[in-house]
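A short worksheet on the structure shown next.
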Amino acid sequence: MSIPHIGSRRELFVDTLLIESLKNASLCQHAPTPRDVVIRHDTPWEGPFTLYHTLVRDGDRVLLYYRGWNLPGEPAVYCVAESRDGIRFERPALRMHPWNGDRENNIFFAEEPYTHTFAPFLDHRSGVPAGERFKAFARGKHGEPGNERSALFGFVSADGIAWRLLNTEPIITDGAFDSQNVGFWSETENKYVAYYRVFRTKDDFASRRTGPTTRAKRLRAIFRAVSDDFQHWSPGKLMDYRTDGNPAPVEEFYINQTRPYFRAPHLYVALPARFMGGRPAITEAEGAAIGVHENQLTSCSDACFMTTRPGNLWYDRTFMEAFVRPRTGPAHWSGRSNYPVDGMVQTGPDELSVYIAEHYAQPKNQVRRYSLRLDGFASLRASHGGGEALTRPFIFSGRELELNYATSAAGSLRVEIRDADHRPIPGYGLRDAQDIFGNRIAGRAAWKRGADVGALAGRPIRLRFVLRDGDIYSFRFQEI
């Protein structure tokens with residue numbers, strides 16, 4: 001097995017890729033904290049069926065895109081709200097498209113049939129033309145009249161507000177696309193990457209594992225495709241689910257919300273909406289009291305957390321539990337509520353914000369901000385009794401080991417550096433390690449000789465984390 005070279009990239013404790021063993025320690029998922037509502041969809045052109053939100057940071061502005069839709073069967077539009085801090089959003093008066101004769105609105109896109117799902121992203125590819133800084137997938141139709149099928153079409157924009165169709169021909173055709181279909185430029189893969197909706201049976205997953213099953217029901221599933229130029233895409237491939245390298249249960253995800261984590265772009269974070277069809281959580285009387293549309297009384301949803309890495313054809317499901325549970329009250333338990341927004345924003349020196357769409361198909365449709373620690377999706381955790389973790393061998397570059405950690409006042413963290421054959425490296429053994437405690441986003445490991453580990457760069461090493469009543473969220477090696 002080849003030894004990975006992680007360089008100076010940040011590694012999060014969200015999977016077991018670099019972990020060889022755990023002793024009285026575990027990987028622990030952290031639920032984000034609910035904060036204020038950032039936007040209420042109470043304008044005449046938005047309405048109860050507003051959904052499919054996308055968040056994009058462009059310099060000092062944050063753009064929140066979403067579909068405005070009053071009722072199925074009526075025309076849909078796409079709208080945008082703006083923010084400087086990711087906390088307070090306002091609707092700009094764009095005056096681009098009239099709504100009942102009034103142009104004082106924030107509608108930026110109203111071109112049928114592309115308004116069911118329109119998913120933008122900021123293209124970070126080096127040398128991208130100024131007029132194509134933003135790109136988007138939009139669901140449309142292709143084929144002969146009477147035999148049309150769904151497809152994804154490409155759109156481009158210079159400013160994220162005024163858009164144009166890239167080509168009259170679709171760019172991806174091998175999916176269902178009847179939900180939010182997301183994409184991005186991957187600096188790690190040096191390609192565009194797309195994750196989009198298909199339908200498959202459990203047989204399609206099980207055939208990779210233990211042979212056919214008897215479950216023939218079509219499930220919402222995810223395809224992945226790649227492109228060098230955004231216009232020509234590889235055939236899509238089915239994304240499976242694994243835990244520690246082994247098959248994980250197949251669950252139905254309505255949207256996948258996959259994109260690179262901005263502090264560790266080699267790691268793709270997904271915040272999918274777990275769809276529980278045929279599982280009503282509220283009664284008809286409760287639904288009538290909150291004004292939920294009758295077609296949303298037969299299911300419920302929550303938000304999950306999973307990851308994948310460049311080139312993988314599976315999502316890591318280390319954490320099967322919900323990342324965001326529905327809150328109390330019937331309004332949070334109707335169908336297609338609790339859908340994560342695609343994207344996240346750093347909203348403070350040590351704070352990351354994610355966003356959840358609430359109250360779908362209800363008069364009080366809205367989006368709420370949730371906060372968590374930077375890199376704080378999950379952690380390596382040990383109780384007061386103490387525990388430890390040992391990594392697999394890897395090669396790094398840099399001169400100091402940065403740690404994102406938190407302990408109690410009585411807790412501690414020590415780091416031992418070993419060679420690939422498990423032998424402690426002289427001067428970096430556990431007895432040499434400085435006892436670390438506190439709460440820091442960018443702390444430093446140190447030993448009696450100091451914090452400099454540059455002499456070990458370029459050779460295979462292992463890290464042994466010895467922890468008591470604390471959490472480690474991420475680590476990286478960096479230059480001083």
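Every number in this text was worked out from the coordinates using simple rules, so none of it is lab data. Being a predicted model, the structure only gives us computed values, none of them experimental. Positions of Cβ are generated from backbone atoms using ideal geometry, with glycine treated the same way; all protein chains shown enter the neighbour counts.
Using the alpha-carbon centroid of each, what span in Å lies between the range 393-423 and the range 256-316? Each part's Cα centre sits 35 Å from the other's.
Sorted from greatest to least, the principal axis extents spanned by the alpha carbons of the chain come out as 75, 52, 50 Å.
Any chance you could run the full-extension gain for Asn190 through Leu430? It's 0.36 nm times the residue separation minus the Cα-Cα distance, nm to one decimal.
Numbers: separation 240, 0.36 × 240 = 86.40 nm, distance 3.99 nm.
Between Asn190 and Leu430, full extension yields 82.4 nm more.
Given the alpha-carbon gyration tensor of the range 438-480, what are the semi-axes of its equivalent ellipsoid in whole angstrom, ordered largest first, with each equal to the square root of 5 times an eigenvalue?
Working: eigenvalues 80, 32, 26 Å².
That gives 20, 13, 11 Å for the three semi-axes.
In a reduced charge model with +1 at each Lys and Arg Cβ and -1 at each Asp and Glu Cβ, the range 8-65 shows a dipole moment near 160 debye about its Cα centre.
In the distance distribution for the range 236-355, Cα-Cα pairs more than 25 Å apart total 32 percent. The charge dipole of the chain, taken about its Cα centre with unit charges on the Cβ atoms of Lys, Arg (+1), Asp and Glu (-1) only, comes to about 1140 debye. Listing Val269, Val14 from fewest to most neighbouring C-beta atoms within 10 Å gives Val269, Val14. Projecting the Cα atoms of Phe177, Leu413, Gln29 onto the dipole axis of the chain, where Lys and Arg carry +1 and Asp and Glu carry -1 at the beta carbon, places Leu413 farthest toward the positive end.
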